[in-house]
1. Can you confirm whether A:E175 is without any contact (Cβ under 8 Å) to a residue 12 or more places away in the chain, in a helix (DSSP H, G or I) and either more than 27 Å from A:R296 (Cβ to Cβ) or in contact with a helix residue (DSSP H, G or I) (Cβ under 8 Å, 6 or more places away or on another chain) (or both)?
2. Looking only at segment A:54-77, count every residue that is open to solvent by 30 Å² or more (accessible area, probe 1.4 Å) and within 10 Å of chain B (Cβ to nearest Cβ) and tell me the total.
3. If a residue must be of a type outside the set (V, I, T), within 22 Å of B:R185 (Cα to Cα) and open to solvent by less than 50 Å² (accessible area, probe 1.4 Å), how many such residues does segment A:14-44 contain?
4. Please count how many residues of segment A:163-179 are at negative phi and surrounded by fewer than 19 Cβ atoms within 10 Å (Cβ to Cβ).
5. How many residues does segment B:140-191 hold that are away from chain A (no Cβ under 14 Å) and either within 30 Å of A:D56 (Cα to Cα) or part of a strand (DSSP E or B) (or both)?
6. Name the one entry in B:A68, B:A78, B:A45, B:A98 that is of a type outside the set (S, T, N, Q), assigned to a helix (DSSP H, G or I), more than 19 Å from B:M194 (Cα to Cα) and open to solvent by less than 60 Å² (accessible area, probe 1.4 Å).
7. Please state which of the following conditions A:L51 fails to meet, knowing it meets all the rest: (1) open to solvent by 30 Å² or more (accessible area, probe 1.4 Å); (2) within 11 Å of chain B (Cβ to nearest Cβ).
8. Which one is surrounded by the fewest Cβ atoms within 10 Å (Cβ to Cβ), of the residues in segment A:343-376 that are in contact (Cβ under 8 Å) with a residue 40 or more places away in the chain and among the acidic types (D, E)?
Amino acid sequence: MNFEFTEEQKMIQQAAKDFAERELLHDVIERDAKSEFPADRIKKLAELGFLGMMTDPKYDGGGMDTVSYVLAMEELSKIDSSVAVVMSVCNSLVNWGLETYGTEEQKEKYLKPLARGEKIGAFLLSEPEAGSDATKQRTTAEDKGDYYLVNGTKNWITNANCASTYLVIAQTNPEKGHKGINALIVDKNTPGITLGPHEDKMGMRSSDTHSVMFNDVKVPKANRIGEDGFGFNFAMKTLDGGRIGIASQALGIASGAFERALHYAKERKAFGTEIFNHQAIAFKLADMAVKIENARNLCLKAAWLKDTKQPYGIVSAMAKQYCADIAMEVTTEAVQIHGGYGYVKEYHVERLMREAKLTQIYEGTSEIQKIVISRSLLK
Amino acid sequence: MKILVCISDVPDTTTKIKFAGNKELDKAGIQWIINPWDELSLTRAIELKEAHPDKIENITVINVGTTASEPTIRKALAMGADNAIRVDSEPKEAYFVAAQLAEVIKSKQFDIVFTGLDSADYNGSTVGGMLAELLDMTSVSAVSGINIEDGKVIVSREIDGGTQKLDVQTPFIAVVQKGIAIDPRIPAMRGIMMARTKPLEVVAPANIDNLTEIVEYEMPQPKGKCRKFTEENVNELVDVLHKEAKLI
């Protein structure tokens, strides 16, 4: 086995680290407090090619592998998960979905501007009454011959306002159940689309999250991805890769909190010595280090499987569940190590703890990941 | 116009330096980077090329180093340099490096040669000046800005109480310092992808003697414990300064 990263992978990791430290760190606390979306920083991230980093260069992407993507996601998420999630949705869900299942015409029209970072994408699956059970889509895409007529509401949509291109999952043939679902490419400025207010969230407060309402929205048939009824399968396949992105995000949140806790433990003194010298603290840090190492290895294993064209759905579910759960544990301990300072915003770890919570919920809860993993054990 | 940026491969500036014995740097675990002044020089060269694509046709980076410095050179190519030259030798001391660079520059035409004010490893601050002398070229020291205005190369220098602007005839050597660029350029994905395909020419070193030899490194003494005296125990402070520190 070779655990060495290539020169390119190290360069991407360093580029993401430099970007996060230089462009995001200085106002991340303020943006979190104000729920302010950093459109200017997203533009810079796009110009550097991060939003289309995994897309094939023939569609104007960076052509980087999934391992590089994991490394970049970790570095951005150490500092600002609200920015990292934009990169995750664009790369793992929207671009990958279009590149893998779109027609050449769809790729030309929609994928290329996304891969160049000129446009941003969003993935619209969750609904007020269809979260973990994604088969129960209430948003309809009625077949009207040349076009679909879309009606319904999507919830918790990341990039809802900043995106130009939506991938919308909607029900066309309710009698066929999940086999009647379609995936449609929808221009955000199509008449009939309205957005709810920016969600006032617990964490990742500066990410661009809204509900999206569709009222008699006409979508050309040419914008359907795959065959009629492929939508649910499309969503599940796409989420397999999406899990690697969110797992890496959770890993970054955990390692960011760990680095801050370790630094603090080496500086802060209590009972005449640095608190690192108290075994109660040192053992916490040892436990955190082991969890992070395991989490990183799982993310990289899932990425390696994907890069080498091997089945990766189960390992990506393991990575998502494990990384999200340890992110919650590690950030909670990071707050504990900081004591009172951990409970105030200036020291970042309380924010990282709030961000960690979301990774256990979105793009498949930890419980859903366990369903995926346990079902695979029966086979 | 052709630009050459001289780059050194140096330990990351946050490295905790250790020595193996008293003459050799312990290189274990060190992360190597482009010398910060050189990285800023390259950033400015790229900015100039982007602003004046009709005036600047090529940016080359050059390094005196072994294969170990190639990741650093590739990063420079990923940032936006067009091609690279590596003089295949351990950079032992300033004169050796300057003379190796001079040999390459003599055989190729460059209009502006950037060198950093100093390198973050040995802080010698001598390569730029030596290079100018060896090549009998104009050099401008302490350069904090460079622009192309009406076809002229205008160089800014920080001087006591203000800034001096010079209209400099090419070819010349610019020894750069703070201000040349705000932040180093972060390589874009496309740049990283293309870095491996850009030309990296490896040239054999010229037969040049070292003029100096490192005899020994000496680490500073560890700092002693800090003792605090207040107004109430001034007499004790005087006593310590007299008897222990023997300063009064």
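The values are calculated or read from the model by the stated rules, or taken from the named source; none is laboratory data. The shown structure was predicted, so the numbers you read here are calculated from the model rather than taken from an experiment. All Cβ positions, even for glycine, are placed from backbone atoms using ideal geometry, and neighbour counts span all protein chains on display. The protein model used for the area step is the full one, side chains on, heavy atoms only, and it has no ligands, DNA or RNA in it. Shrake-Rupley method; radii C 1.70, N 1.55, O 1.52, S 1.80 Å.
1. yes
2. Looking only at segment A:54-77, we keep the residues that are open to solvent by 30 Å² or more (accessible area, probe 1.4 Å), and these are A:54, A:56-58, A:60, A:63, A:65.
Filter again for within 10 Å of chain B (Cβ to nearest Cβ), leaving A:54, A:57, A:60, A:63.
Residues meeting the conditions: 4.
3. From segment A:14-44, those of a type outside the set (V, I, T) are A:14-27, A:30-41, A:43-44; that's our starting set.
Those still in the list that are within 22 Å of B:R185 (Cα to Cα) too: A:14-27, A:38-41, A:43-44.
From the residues that got through so far, the ones that are open to solvent by less than 50 Å² (accessible area, probe 1.4 Å) too are A:15-16, A:18-20, A:23-24, A:27, A:38, A:41.
Qualifying residue count, segment A:14-44: 10.
4. Final tally of qualifying residues: 7.
5. Residues flagged as away from chain A (no Cβ under 14 Å) and either within 30 Å of A:D56 (Cα to Cα) or part of a strand (DSSP E or B) (or both) within segment B:140-191 amount to 29.
6. When all the criteria are applied, what remains is B:A98.
7. (1) is the only condition that A:L51 fails.
8. Only one residue tops the list, namely A:E346.
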